[in-house]
Structure formats: structure tokens, C-alpha cells
Amino acid sequence: MPTQLTADDARVSLNAHVAAKGAELRAKYGPDLGWNELKLILEDRACVRYPCALEFNAEPLQPGEFAHPAAKGANPEDGFTLFVHPYFMTHLPEVPWLVLYQLVLVNYGEFASADDALAFGAAALGLPEDEYYARLCELIDPISDCGCS
């Protein structure tokens, strides 16, 4: 009789998968992921499963939120707009750090967790997850009380 997978098994499996995808992205576009590489990544369906446009606009964001993807239609294939707080328009080298964290929502939807976002972004940047998290908190500190310490 086959072994039944639990929800925890699925979470662990997804986390390992997103970390592997982050490492693939780093191998293809890294090790220094900057603004120009980000534009290429957003067009690469091996990295970003669905079309994803970047827009600097805080209006659709929740208070204190630095970025968030919004579906353009009823189906993921319709694409997403990834809204980024306009503060970062003058900090383009930092935008990839923010966008990488959000891409798991584009690629995996509601199944993706904050842990998955950290695993993906950290792997893409070649960092331990705690270092990536700490840097994200530093980056968003000017726009938010993120509660990070």
C-alpha cells in the first residue's frame, strides 16, 4: 500500500522545490542579480511561470507592504502585476531582493508561504535564509515598521 503524504510532507516538498528553483535562477542569472537581470528574469517562463509586469505603485498595497503581486484576470495565464512601493524607484539595485520574495506567489499562488518566499529568494541570491530576511527588513525599514529584529 502506498504511503500517504501529509500536509507537512507537501510543505517540505514545496519548500525544497522553491529553493531548487531559486538556485537554478542564480545559476542562470547570478551571482549578482541587479535591475537588468531582474527584467530578464521576469520575461523568463522557466523562472516566472506567468507573465509579470512590474509597477511602482503603493495604492494597491496594504499599509506597510513593500510589494505584492495582483492577478490581471481570473486565470494565472492572464498574468500578474507586481506592485512595488514607489520608494524603491530610486533604489533599483534593491528591487530584485523585494521581487524575488514575491515571485513564489506568482509561481505557486496560495500554496506558497513566507518560508517558501525566503527559501526561494535566499537561494536565488546565494545567501542563508536568515541573512536574506535580515537584509529585507533593512531594505523595507524606511517604509514600514516590519517588526523585524
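Please name all residue pairs, on different chains or six or more residues apart, with Cβ atoms under 6 Å, provided the first residue is in segment 43-63 and is farther than 27 Å from residue 26 by Cα and surrounded by 16 or more Cβ atoms within 10 Å (Cβ to Cβ) and the second residue is among the aromatic types (Phe, Trp, Tyr) and at pLDDT 95 or above.
If the second residue must be among the aromatic types (Phe, Trp, Tyr) and at pLDDT 95 or above, the pairs left are 61/83.
So residue 51 clears everything in (1) of a type outside the set (Asp, Glu); (2) within 16 Å of residue 101 (Cβ to Cβ); (3) modelled with pLDDT of 95 or more except one condition, right? Which one?
Evaluating residue 51 over (1) of a type outside the set (Asp, Glu); (2) within 16 Å of residue 101 (Cβ to Cβ); (3) modelled with pLDDT of 95 or more leaves (2) as the failure.
Quick one: is residue 101 surrounded by 14 or more Cβ atoms within 10 Å (Cβ to Cβ), modelled with pLDDT under 95 and among the hydroxyl-bearing types (Ser, Thr, Tyr)?
Spelling it out, it is not the case that residue 101 is surrounded by 14 or more Cβ atoms within 10 Å (Cβ to Cβ), modelled with pLDDT under 95 and among the hydroxyl-bearing types (Ser, Thr, Tyr).
The values are calculated or read from the model by the stated rules, or taken from the named source; none is laboratory data. As the structure is a prediction and not an experimental result, all values here were calculated from the model. Cβ atoms come from the backbone with ideal geometry, glycine included; neighbour counts cover every protein chain shown.
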